[in-house]
Amino acid sequence: MNTIPSAITALRAGAAKTCITPTLGTPINGDLTPIASRHIHDDLHVRALALDDGSTRMVFAVVDTCLLDRGLFDEAKKLVQQQTGLAPEQVMMSCTHTHSAGSACSAHLSEADPAYRSWLPGRIADAVRCAANNLAPAQVAWGNGSVPQHVFCRRLSIKSGMTYTNQLGVTTERAKMNWDSPHPADGQPTGPTDPEVFVLSIRHADGRPLALLANYSLHYVGDVGTGHISADYFVAFADRIQQLLGADRLDPPFIGILSNGTSGDINNWDPKVGSNSPAPYTRIREVADDVAQEVLRVVHQMQHRRNVTLRARQGECIVATRRPDADEVREAHAVVAGRPVNQLKTWPENYAREQLILADYPAEVSMPLQVFRIGELAVAAWPGEIFAASGLNLKKQTPLKPLFNIGLANGWYGYIPPPEQFPLGAYEIWRMRTSFLETNTIPKMTASFVELLKSLK
Ligand SMILES: [Zn+2]
């Protein structure tokens, strides 16, 4: 029962989480080689935030997993629509991109676990439904801070005069991944980082913390134990910000959420130093704490308010795919020689297998683009792994400011590098299931986002 007279037109919010930890033994998604899970360090969740201004309802659901394809997201949204009447365009679903979670979507050598895949959409829908069940009079505020010390471009130009042989045996590329860094061939980063941490803070009408949705453009941290299931620093952040806000043991529980931004080329460690962590989870805790402390500083400067207008829009962006030609398919067949995936050990062998898979891909794909308006704040949800430069560019070009970007949302189309990165080469460019869209995809998506954002004005 609503006791606040203005609440009919003022904001209501609700948040909830559901547990999605798979049974041990399930393959872990995200690694270049498949590994069976053998320990649960921390449970995986879907964390959902529902907002309602009396005429528009929207839900943000962030899933502790590496990546999910559009088919799975659409299935979850269909369940939401059947159960609650919420249209798909009002529901944003995204992945945190933890690399130590269950495998519901095939990529690299991690094939989907069919049982986990069929179970997951119902659990995502449950989180959305429970967040809506918890709707209560609320107040909202937003703001941004900066955590520059934990983001590094992981793509490096190759120093002039140096020859570098990449994992495919190619020596002509002009950029490399940081996999073997520090390395004598390491030159300058090929793109910028986006150090912004964006904060959407939700309180109950009486001021108690209700939920907090943060956003940071970092791929993940990854210093988990071997074979461990973990939600990486995303869960460590949720736990720490709850503690810092004094929001432990509330009923309904406070829900902290950390969404991924545009981090396709952004890792946590400095390539000049290397990737070693002192012990598993050390760096995860360090990054989570630094992001949470900055979020707390931002929250302390905020003025929460009850009246905001909500809007949601969705569009489609159609782009061509990059696929092998007949000669390349013939060459790939010669390399694979009919062997099953578990007998393909080297990068060139797996690259050849990827060509055979891409040969059957459609000539073009239609991707969902979503935008939201919360008062003056805009949110853009991108379906893939977007580079920091592209997120920064939309933050500049948007007709609605401020704006933050959520990546890996509503579908997965691999890395989507901006056009200027293609001539440089390196992993995120290699034509595989992890990168298969036309080179002009980012300009097309950006133009579509700007049009969608104009329609929210
Ligand atoms: Zn990734």
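The values are calculated or read from the model by the stated rules, or taken from the named source; none is laboratory data. Here the structure is a predicted model, which means the values were calculated and not measured. Counting neighbours? That spans all protein chains shown, and the Cβs are built from the backbone with ideal geometry, glycine included. Accessible surface areas use protein heavy atoms only, side chains included; no ligands, DNA or RNA. Shrake-Rupley method; radii C 1.70, N 1.55, O 1.52, S 1.80 Å.
Annotations
- Which numbered condition Ala48 fails, given (1) open to solvent by less than 40 Å² (accessible area, probe 1.4 Å); (2) in a loop (DSSP other than H, G, I, E, B): (2)
- Hits in the stretch 84-101 (condition: open to solvent by 10 Å² or more (accessible area, probe 1.4 Å) and either away from the ligand (no atom under 11 Å from the Cβ) or closer than 16 Å to Cys130 by Cα (or both)): Thr84, Gly85, Leu86, Ala87, Pro88, Glu89, Gln90
- Selection status of Gly102, without any contact (Cβ under 8 Å) to a residue 40 or more places away in the chain and small (Gly, Ala, Ser): no
- Matching entry among Trp179, Trp119 (being in a helix (DSSP H, G or I) and either within 16 Å of the ligand (Cβ to nearest atom) or farther than 30 Å from Ile374 by Cβ (or both)): Trp119
- Of the candidates Ala388, Ala352, the single residue that is assigned by TED's automatic domain parsing to the domain that holds His99, at pLDDT 95 or above and farther than 25 Å from Asp53 by Cβ is Ala388.
- Count - residues of the stretch 200-222 that are within 16 Å of the ligand (Cβ to nearest atom) and open to solvent by 10 Å² or more (accessible area, probe 1.4 Å): 3
- Any chance Gln303 is open to solvent by 20 Å² or more (accessible area, probe 1.4 Å), in the same structural domain as Arg208 (by TED's automatic domain parsing), assigned to a loop (DSSP other than H, G, I, E, B) and modelled with pLDDT of 95 or more: yes
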